[in-house]
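Just so you know, all these numbers are worked out from the coordinates, no wet-lab data involved. For clarity, every value in this text was computed on a predicted model and none was experimentally measured. As a convention, Cβ positions derive from the backbone with ideal geometry for all residues, glycine included, and neighbour counts pool all protein chains shown.
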Number of protein chains: 2
Amino acid sequence: MKKAAATRLNILQKAFGLIYEKGYQTTSVDDILATTGVTKGAFYYHFKNKDEMGVAIINELLKPSFAGSFIRPLQANGDPVDIIYDMMYDILMKNKFMKVEYGCPAANLTLEMAPWHHDFTKALNELSDQWKKGITDIIKKGKKAGLIRPDVKPEQVAVFVMSGYWGIRNIGKLSNNKAVYLVFLQQLKTYLETLR
Amino acid sequence: MKKAAATRLNILQKAFGLIYEKGYQTTSVDDILATTGVTKGAFYYHFKNKDEMGVAIINELLKPSFAGSFIRPLQANGDPVDIIYDMMYDILMKNKFMKVEYGCPAANLTLEMAPWHHDFTKALNELSDQWKKGITDIIKKGKKAGLIRPDVKPEQVAVFVMSGYWGIRNIGKLSNNKAVYLVFLQQLKTYLETLR
DNA sequence: ACAAAAACATACTAACCGGTATGTTTTTAA
DNA sequence: TTAAAAACATACCGGTTAGTATGTTTTTGT
């Protein structure tokens with residue numbers, strides 16, 4: 001049962017790449033078969049339909065990768081302002097998988113699938129909630145440690161920071177120019193400093 | 001030549017509604033014919049193909065509507081902080097056309113079409129640039145009038161505010177709950193106040 | 001009134017879509 | 001070793017897609 005698992009993973013990874021670049025609806029099963037070399041029989045042995053594969057991509061590839069880049073950095077000890085800024089800088093400027101012209105896979109899937117594909121939306125909502133909780137928690141911790149002003153509302157900051165991220169991905173995709181990331185990051189820094 | 005123009009406009013408006021709700025790729029020409037009552041011959045008399053209709057929607061419907069809601073409010077005289085906040089409040093909370101579950105049509109089209117449909121991207125980029133210029137200009141004006149701190153960078157503010165908007169539309173679409181708009185608006189207010 | 005052009009209607013096509021039916025090969029467990 | 005189950009391969013299908021070919025009707029200018 002080793003080879004089969006490799007076939008499944010191959011499908012998921014290649015399909016993820018195609019969907020990231022072209023979108024879910026415009027990536028056909030035949031496209032996936034062509035770039036993987038897998039046949040239709042094998043594909044439908046591993047997934048009962050295309051949507052099940054899509055949800056598997058979110059849960060088995062997107063979610064773990066998201067946890068590593070978006071959640072784990074927030075669990076470090078230190079100054080919340082620095083940690084949030086560094087997380088954002090790393091995601092936008094250092095991540096090797098995401099390209100400015102293709103945006104963020106989670107954002108792409110959200111806008112393409114919501115509100116029609118409930119399974120997708122549910123899985124993506126979990127990602128969003130995790131990130132929100134991570135940011136909220138580190139702000140709360142910072143308030144207790146006296147690193148963040150007492151009047152700062154953690155949930156508001158989380159929603160505001162997240163909005164900025166999804167949005168700058170959109171702007172980046174539109175302008176196809178990573179320079180907007182830097183402009184955004186500078187003002188994010190300025191904003192975060194006001195929380196001290 | 002009056003009836004023909006009405007047919008054309010009918011197609012554009014109904015198609016715009018369908019595309020806003022379902023997405024461009026998943027709205028078929030037959031869908032549009034069904035909801036308009038227009039026949040295929042009429043459709044392809046007015047537009048040489050589906051994409052040409054899509055670009056016409058952006059230029060003839062989206063762009064004017066965008067100008068009214070996103071650009072014009074910024075040209076008023078007054079306090080930039082208030083004007084920007086009020087504009088955002090009106091767009092998010094008062095606009096009758098946009099629904100939280102469907103997001104913002106401009107953002108939807110951007111994420112669905114970029115970077116593959118150059119005609120769409122170009123038209124959408126013009127919208128984005130206009131908005132950016134509007135925000136940048138009013139911040140500059142505010143600096144000259146002493147209403148905005150001298151060290152504030154207008155372009156950074158514009159990009160940051162725009163990012164927040166696109167992003168909160170994404171989050172709203174995902175959560176299907178207008179309450180996140182209010183959370184965002186509160187923090188936007190807090191942020192904008194720091195520019196004084 | 002009438003010819004020409006504009007506007008619309010109907011029937012069709014070729015390509016593609018997700019999915020299935022029915023095989024064959026490979027792996028696993030006894 | 002061998003039979004059963006897992007894994008994969010091939011051919012096909014009905015439905016949908018954007019777009020076209022070929023009409024008919026309506027409007028327009030003279």
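Taking every residue in segment B:166-187 that is within 7 Å of another protein chain (Cβ to nearest Cβ) and pairing it with any residue that is of a type in the set (D, E, K, R), at least 6 positions away or on another chain, the pairs with Cβ-Cβ distances below 6 Å are B:Asn176/B:Glu101. Comparison of A:Gly142, A:Gly172 shows that the only residue that is in contact with a helix residue (DSSP H, G or I) (Cβ under 9 Å, 6 or more places away or on another chain), closer than 20 Å to B:Leu124 by Cα and among the small types (Gly, Ala, Ser) is A:Gly172. Would a scan of segment B:23-42 turn up a residue that is away from DNA strand C (no atom under 16 Å from the Cβ), under 21 Å from B:Leu127 (Cα atoms), surrounded by 13 or more Cβ atoms within 10 Å (Cβ to Cβ) and within 14 Å of another protein chain (Cβ to nearest Cβ)? Checked against the condition, which is being away from DNA strand C (no atom under 16 Å from the Cβ), under 21 Å from B:Leu127 (Cα atoms), surrounded by 13 or more Cβ atoms within 10 Å (Cβ to Cβ) and within 14 Å of another protein chain (Cβ to nearest Cβ), segment B:23-42 yields no hits at all.
If the condition is being of a type outside the set (A, V, I, L, M) and within 11 Å of DNA strand D (Cβ to nearest atom), then segment B:24-37 contributes B:Tyr24, B:Gln25, B:Thr26, B:Thr27, B:Ser28, B:Asp30, B:Asp31. Counting only helices (runs of 4 or more DSSP H) that sit wholly inside segment B:104-188, those with at least 1 residues that are touching a Cys at 6+ places or on another chain (Cβ under 8 Å) are B:154-175. When B:Val100 is tested against (1) over 22 Å from the mean Cα position of the chain (by Cα); (2) within 14 Å of another protein chain (Cβ to nearest Cβ); (3) away from DNA strand D (no atom under 13 Å from the Cβ), just one condition goes unmet, and that condition is (1). For segment A:8-20, state whether one or more residues are more than 9 Å from DNA strand D (Cβ to nearest atom) and assigned to a loop (DSSP other than H, G, I, E, B). No, every residue in segment A:8-20 fails to be more than 9 Å from DNA strand D (Cβ to nearest atom) and assigned to a loop (DSSP other than H, G, I, E, B). Of the residues making up segment A:48-62, one or more are of a type outside the set (Asp, Glu) and assigned to a loop (DSSP other than H, G, I, E, B).
Residues in segment A:38-63 that are within 14 Å of A:Ala4 (Cβ to Cβ) and without any contact (Cβ under 8 Å) to a residue 24 or more places away in the chain were compared, and the one that is nearest to DNA strand D (Cβ to nearest atom) is A:Gly41. Against the definition (away from DNA strand D (no atom under 16 Å from the Cβ), in a helix (DSSP H, G or I) and within 28 Å of B:Ala179 (Cβ to Cβ)), how does B:Ile91 come out, yes or no? Judged against the criteria, B:Ile91 is a match.
Of all residue pairs spaced 6 or more apart or on separate chains, those with beta-carbon atoms under 8 Å, a first member in segment B:1-18 that is within 14 Å of chain A (Cβ to nearest Cβ) and a second member that is among the β-branched types (Val, Ile, Thr) and more than 11 Å from DNA strand D (Cβ to nearest atom) are B:Leu18/B:Thr35.
Restricting B:Lys122, B:Lys132, B:Lys48, B:Lys153 to those that are away from every other protein chain (no Cβ under 11 Å) and among the basic types (Lys, Arg) reduces the list to B:Lys48. The set of residues in segment A:139-182 that are of a type in the set (A, V, I, L, M) and either within 19 Å of the chain's Cα centre (by Cα) or within 25 Å of A:Met98 (Cα to Cα) (or both) comprises A:Val157, A:Ala158, A:Val159, A:Val161, A:Met162, A:Ile168, A:Ile171, A:Leu174, A:Ala179, A:Val180, A:Leu182. Just one of (1) farther than 29 Å from B:Pro115 by Cβ; (2) of a type outside the set (A, V, I, L, M); (3) surrounded by fewer than 17 Cβ atoms within 10 Å (Cβ to Cβ) fails for A:Asn49. It is (1).
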